[in-house]
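First the structure, in the form of structure tokens, and then the observations on it.
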Amino acid sequence: MNQKATTWRSPSNIALVKYWGKYEPQLPANASLSFTLSNSYTETTLTILEEEADQEFDFEIYLSGQKADDFKPKIEKFLARISAELDFLKGHKFRIDTHNSFPHSSGIASSASGMSALALCLLDLKPGAPAAMSEAFLQEASIWARLGSGSASRSVYPRLGLWGKLESESASSDEYAIPYQGPVHEVFEDYRDTILLVEKGQKAVSSTAGHGLMNGHPFAKNRFAQAHENMDKLKTILASGDLEAFGQLVEHEALTLHAMMMTSQPYFILMKPNTLKIIEEIWAFRKETGKPVHFTLDAGANVHLLYPAAIEQEALEFVKTKVSSYLKKGEYICDQVGNGPVKL
Ligand code: DP6
């Protein structure tokens, strides 16, 4: 083998139409579409060592220089899923060094950026893999990333990633995400996402467990049908740049996601009182000013504030004056639509 180490930076993403519900092997119950982010990313180095391995996958993982054994089970499961592709790793010890641009346990899901960064590293080192960043390379990386974490499949593409089969998108697939190919109004090219950190630390219920509760969920069938309808509506909105319709759709998606959690068996709530306080502030600000500031949520208490670049100053002023007292240590992360992964 000639290449023994590689480093990739891969971004997080925020879904506009949500993936919630899946079946084996990590295939989505409905299509989803996300903004790829820019400033929230994971950088991962994969190094294949000279030493011989004692087991099929013999590795250590370090997060920001500290051994992170608690990450091992999820990664072992991921490696086992793509084991047939990883003959080049077997027989050698290897090491994964990773760090996130966002603060530790900020409540930002690191699985999309983390699993996509690792998938990119693995594929890059695989002998005979397509050239890094080629279309075939990214498609394969998306398949691998999906097998690590569903939402990670979308992170390998710039701007907008679409994962899941949609009748209206012939290139789409449940197996991998594709770069969204429809017309996109310029307002979305640098759309802002200010991530308001309400809650830090481990979530009470993991996304993986939450997805599982969609099996046998009384509203699942309607939800999956609705998500597909929303995908088609979103395509029209992305083309037109109608921000009112955009905001209505993404806020409804976010609240529907959390409604699914609240109506699972067992039910659970990931929003916190301050999540609701912030949502009320956003609605009041919008009513008062007419500015297109909307929210979405992922599977947690944090609020993603979405708005066009043109109103950044007003939106950040709103965050500082009306929202920061609801945030853990007043913290938020300024992010925006980004260009996808890079090899470092
Ligand atoms: C609410 O991709 O984290 O963020 O596939 O089990 O790893 P696993 O789950 P994950 O679920 C993300 C759910 C979501 C919505 C979304 O990103 O589409």
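The values are calculated or read from the model by the stated rules, or taken from the named source; none is laboratory data. Everything numeric here is computed off the predicted structure, so don't read it as measured data. Cβ: placed from backbone, ideal geometry, glycine included. Neighbour counts: every protein chain shown.
Residues of the stretch 143-175 being among the small types (Gly, Ala, Ser) and touching a Ser or Thr at 6+ places or on another chain (Cβ under 8 Å), which ones?
Hits for the stretch 143-175 are ALA145, GLY148, SER149, SER151, ALA152, SER153, SER155, GLY161, GLY164.
Scan (1) within 14 Å of the ligand (Cβ to nearest atom); (2) under 29 Å from LEU234 (Cα atoms); (3) crowded, with 24+ Cβ neighbours inside 10 Å for the single condition LEU118 breaks and write down its number.
Evaluating LEU118 over (1) within 14 Å of the ligand (Cβ to nearest atom); (2) under 29 Å from LEU234 (Cα atoms); (3) crowded, with 24+ Cβ neighbours inside 10 Å leaves (2) as the failure.
Go through the stretch 275-296 and give me each residue that's within 16 Å of the ligand (Cβ to nearest atom) and of a type outside the set (Ser, Thr, Tyr).
Our first condition is that a residue be within 16 Å of the ligand (Cβ to nearest atom); within the stretch 275-296, this holds for 275, 295-296.
Listed by number, the list holds a single entry, PHE295.
Those residues that are under 17 Å from the mean Cα position of the chain (by Cα) and free of Cβ contacts under 8 Å to residues at least 60 places away in the same chain, I need them from the stretch 166-191; list them, please.
Passing the criteria: TYR176, ALA177, ILE178, PRO179.
If we keep just the residues of the stretch 1-16 that are away from the ligand (no atom under 11 Å from the Cβ) and of a type in the set (Gly, Ala, Ser), which is surrounded by the most Cβ atoms within 10 Å (Cβ to Cβ)?
It comes out as SER10.
So, restricting to strands (runs of 3 or more DSSP E) that lie completely within the stretch 139-229, which ones have at least 1 residues that are outside the structural domain of SER12 (by TED's automatic domain parsing) and of a type in the set (S, T, N, Q)?
Because the criterion is at least 1 residues that are outside the structural domain of SER12 (by TED's automatic domain parsing) and of a type in the set (S, T, N, Q), the strands (runs of 3 or more DSSP E) in the stretch 139-229 that meet it are 192-196.
For the stretch 195-225, how many residues are at pLDDT 85 or above and away from the ligand (no atom under 14 Å from the Cβ)?
Residues that pass the stated criteria total 11.
If I ask for residues that are over 15 Å from SER10 (Cα atoms) and buried (at least 16 other Cβ atoms within 10 Å of the Cβ), which ones from the stretch 96-115 would you list?
SER106, GLY107
What are the residue pairs meeting all of these: first residue in the stretch 17-32, first residue on the phi > 0 side of the Ramachandran plot and more than 8 Å from the ligand (Cβ to nearest atom), second residue assigned to a loop (DSSP other than H, G, I, E, B) and of a type outside the set (A, V, I, L, M, F, W, C), Cβ atoms under 9 Å, and 6 or more apart or on different chains?
Pairs found: GLY21/ASN30; GLY21/ASN215; GLY21/HIS217.
Of (1) at pLDDT 95 or above; (2) hydrophobic (A, V, I, L, M, F, W, C); (3) within 16 Å of the ligand (Cβ to nearest atom), ALA299 satisfies all except one. Which?
Unmet condition: (1).
SER153 - would you say it is buried (at least 24 other Cβ atoms within 10 Å of the Cβ) and free of Cβ contacts under 8 Å to residues at least 60 places away in the same chain?
Yes, satisfied.
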